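Read the figures in this text as sums done on the coordinates, not as results from a lab. All figures in this text were calculated on a predicted structure; none of them were measured in a lab. Neighbour counts run over all protein chains shown; Cβ positions are idealised from the backbone, glycine included.
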Amino acid sequence: MNLGGTVKINKVGVCIVTISFLLLFIYIFIGHPDDTNSSRLLATPDEENRVNMKALLVAAKEVAEKGGQQVRSARKLADMHIQSKGKTKEGVNDPVTDADFKSHCVMYHGLKKKFPKLKVISEEHDTNECNTPPSLDVVDMEGQTLPDLMVANEDVTIWIDPLDATKEFTENLLQYVTTMVCVAVKGKPIIGVIHFPFAEPQVTYWTWGNVARSESVKKLARTKPNVEAPNITVSMSHTGEVQKLAQVAFGPNVKITKAAGAGYKVMEVVKGNVDIYLHSTAIKKWDVCAGNAVINSVLGVMTDLKGNKLDYSSEAGALNNGGIFAAVSEADLFLDKITNPSLK
Ligand SMILES: *[C@@H]1O[C@H](CO)[C@@H](O)[C@H](O)[C@H]1NC(C)=O
């Protein structure tokens, strides 16, 4: 090869150069400058309408943790406010009530920026102050090699809860606080991310169906529940009705453990700290979708109180009026007693 000599221009060469310029042109004028995945340039129309589940998992974990950072810094600010009460300027927003919104900003827009075609449903809504979504960088999925798995954009609904257990957050009961992201495909909860911003150290539980699980989930041991007198976690805020329900289903020896936050309560079940999570009043799907994905991934059962699976497609709406049952070990047995109390 004579690298120093004159370059021979032939038809093939001209063709390649022309096509390259054409592609560059297309990329600059039609492409997405902030999309680092340059393979998009050559994507077929079919690929344009699909999304990689691996990319969704990576982004879901990242925005849950970024939301958690916002929640933590809002809490810190609030503590400073409390210490310097009376010395803050009039009109300064309450950092505690701001926490939901700031977390929403980074979570919702972080996802929307990367996946503009996907439906993202958040507990919170934008106000005009929400204008600085951060860029997403690649995060480490604990060194796990994950497969590329494409699904149709139209089948995907992402549910985000920028701050679960808001009331407890304001009361400084921080162990209950989570940020959550759930990716549902055709109404089924497939990817679940539950981040605990105030755990020491902070921890993120994530699962992707039967494909992958975080180390934090993998290391949880299966426990043997007390079938005769199960330990049941219920909401601190409305316990009356659900307590009755538990006693009808499992008898008077049932143990009731009050806690807050749907994300927290589901993880108590997954960790084996309690046997069952029961909820009898209305609950929103961003509260339970991520937990449902995690429960499914560890082969537990999560349904409404009639044993029906929840539909997490956007068309089904955000409200679940049917209550919640969740268990991992002996889940089918427990569910039978709930749906058919005469079995006890
Ligand atoms: C029920 O579970 C909670 C949370 O793990 C625990 O603190 C409590 O001791 C349990 N109750 C009984 C009676 O085992």
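Restricting things to alpha carbons, find the Rg to Rh ratio for the stretch 222-344 using the Kirkwood radius for Rh.
My calculation puts Rg/Rh at 0.93.
Once you list every other residue whose beta carbon is under 11 Å from the beta carbon of Leu149, what net charge do they have if Lys and Arg are +1 and Asp and Glu are -1?
+1
In sequence order, what are the phi-derived ³J(HN,Hα) couplings for the stretch 147-153 according to the Karplus relation 6.51 cos²θ - 1.76 cosθ + 1.60 with θ = phi - 60°, rounded to whole Hz, with x for glycine and proline?
Residue by residue, the stretch 147-153 yields x, 8, 9, 9, 10, 6, 3 Hz.
Once phi is turned into ³J(HN,Hα) by the Karplus curve 6.51 cos²θ - 1.76 cosθ + 1.60 with θ = phi - 60°, what whole-Hz value does each residue of the stretch 304-315 show in order, with x for glycine and proline?
7, 6, 9, x, 8, 5, 7, 9, 9, 6, 5, 5
Measure off 7 Å from each Cα along the Cα-to-Cβ vector at Ala282 and Glu48, then give the distance between these two points in nanometres to one decimal.
About 4.1 nm separates the two model spin labels.
Would you list Ile256, Ile160, Ile338 from fewest to most Cβ contacts within 10 Å?
In increasing order of surrounding Cβ atoms, one gets Ile256, Ile338, Ile160.
Please list, in order along the stretch 252-258, the HN-Hα scalar couplings obtained from phi with the Karplus expression 6.51 cos²θ - 1.76 cosθ + 1.60 (θ = phi - 60°), rounded to whole Hz, x for Gly and Pro.
Computed from phi, the couplings for the stretch 252-258 are x, 7, 4, 9, 10, 10, 7 Hz.
Using alpha-carbon positions, what is the distance between the centroids of the stretch 160-221 and the stretch 282-344, in Å?
Cα centroid to Cα centroid, the span is 17 Å.
Hey, fewest Cβ within 10 Å first, where do Ser237, Ser214, Ser297 land in order?
Ser237, Ser214, Ser297
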